[in-house]
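K.L.:
What follows is a structure written as structure tokens; I'll ask about it next.
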Amino acid sequence: MSDDQMLDPSAAAALIKQAQDHARGAFAIKQPLLYAAWGVAWFIGTGAMWLSVRGQHPYNGPAGWSVAILVVLIVAAIAATVFITSRATWGIGGNSARQGTIFGLSWPAGFIPLFLVEGALSHAGASAAVMGVIGAVGPLLVTGLIYVTAAAMWVDWTMLALGIWLLVVAAAGGWAGPVGALAVDALAGGGGFLVAAAFLTWKKQG
């Protein structure tokens, strides 16, 4: 192979950096959509659950249809996150690809154990009130931890702020009781996602 056919190391490094920047840019473009999807999922899903329990005395748990709405919306948001992250890093090697893969896998890795723990608590005889609290704040807790970790990986300050906010909302919601936790989740949790989506949209246009 002649010298002019060989790729100069500096040129190769530049190509790799360009590909990585493209991957980060592609993900950044879709970030507002991802946050909006999660915001809608939380606002509608936990809002529907709150509507089904707000008049319960004593608390018996949300209606099955409201739980189904939340689960479907969360699964859809997870699928959108995994898909968009994978597309952004598709064909890109190195750390960018590995970071995207880890971020995508962190969602099922976090939520599947959460759902299993909820099932274990129910099997162990946890009260409806306890199940209501863990069901309301558990998903926010997992999401907040994923965002804080991913923010450190990508040095994303908006994601870090949102992750910390979700953790605060989860902690506060846990003390609001099963009914109050759903209202806190819908307004503060879903609202936090929507504010982040609006902020990033405004930032890109500015």
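Throughout, read-outs are computed from the coordinates displayed, never taken from laboratory work. Note that the structure is predicted; figures quoted are calculated from it, not measured. When we count neighbours, we look across all protein chains shown, and the Cβ atoms used for this are built from the backbone with ideal geometry, even at glycine.
K.L.:
In nm, give the distance between the simple-model label positions of ILE102 and GLN56, each being 7 Å from the Cα along the Cα-to-Cβ direction.
P.N.:
3.9 nm
K.L.:
Which FRET efficiency, nearest 0.05, do ALA152 and ILE112 yield, Cβ-Cβ r, R0 35 Å?
P.N.:
Calculated transfer efficiency: 0.95.
K.L.:
May I pose another question? If I model a spin label as a point 7 Å beyond the Cα along the Cα-Cβ vector, how far apart are those points for ALA128 and PHE83 in nm?
P.N.:
Here the modelled spin labels are 3.7 nm apart.
K.L.:
For region 27-205, what is the relative contact order in percent, using Cα pairs closer than 8 Å and at least 6 residues apart in sequence?
P.N.:
32 percent
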